[in-house]
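Everything below concerns the one structure shown next.
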Amino acid sequence: MRNSGGPTPAKEMDMAQAKVTTDHDEIRKWAEARGGRPAAVRSTQSKEATGIIRIEFPGAPNAKDDNLEEISWEEFFEKFDESELALLYQEETARGQRSNFNKLVGRETAEAREHGESHASRHHDRR
């Protein structure tokens, strides 16, 4: 019999199944398999540089966001590497369905999380 005494720690279980990568091919294959495409937040871009990047998905709440502009994978990965990011992502939900969960995190944060530091963050000055 299942424990029905309270909510299941689904978020903890999901995060335990999350993977982290910096591999461009792996990221692109994962995103494209789900209909994802690279995008940048318009208000953070300049003529010289791509702003904040995202992976957007059709049908997601922000898929029709006018502030998101589709960019090339080349532009995406240029900003990804320049910003020293990693992709935290999930293949399947706890119920076994294909997941679109992803989060761009600092590589330092990703490495710390892989070593068990669950409260790691980039909230420090890198200068």
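Using packing as a proxy for protection, rank 17-25, 34-42 so that the peptide with the highest average count of other Cβ atoms within 10 Å comes first. Kindly include the intermediate steps, with their values, before the conclusion.
Working: 17-25: 13.4, 34-42: 18.3.
Listed from highest to lowest mean packing, they are 34-42, 17-25.
Label segment 10-114 by shape, choosing from rounded, prolate and oblate, from the square roots a ≥ b ≥ c of the eigenvalues of the Cα gyration tensor; if a/c is under 1.5 it is rounded, and otherwise prolate applies when a/b is larger than b/c, oblate when it is not.
Taking the square roots of the gyration eigenvalues as a ≥ b ≥ c, segment 10-114 is oblate.
What is the sum of charges around Pro38, taking Lys and Arg as +1, Asp and Glu as -1, for the other residues whose C-beta is under 12 Å from the C-beta of Pro38? Spell out each step's value before the answer.
Values: positive: Arg28, Arg37, Arg54, Lys79; negative: Glu32, Glu56, Glu69, Glu70, Glu74, Glu75, Glu78.
Taking every other residue near Pro38 into account, the sum is -3.
Tell me, what HN-Hα J-couplings in whole Hz come from the Karplus equation 6.51 cos²θ - 1.76 cosθ + 1.60 at θ = phi - 60° for each residue of segment 97-112, using x for Gly and Pro?
3J(HN,Hα) across segment 97-112, in whole Hz: 8, 4, 10, 9, 4, 7, 8, 7, 10, x, 4, 4, 4, 4, 5, 5.
Among residues other than Glu91 whose Cβ falls under 9 Å from its Cβ, what is the net charge (Lys/Arg +1, Asp/Glu -1)?
+1
FYI, it's all coordinate maths here, none of it is from the lab. Treat the numbers as computed from the prediction; the structure is a model and nothing was measured. Positions of Cβ are generated from backbone atoms using ideal geometry, with glycine treated the same way; all protein chains shown enter the neighbour counts.
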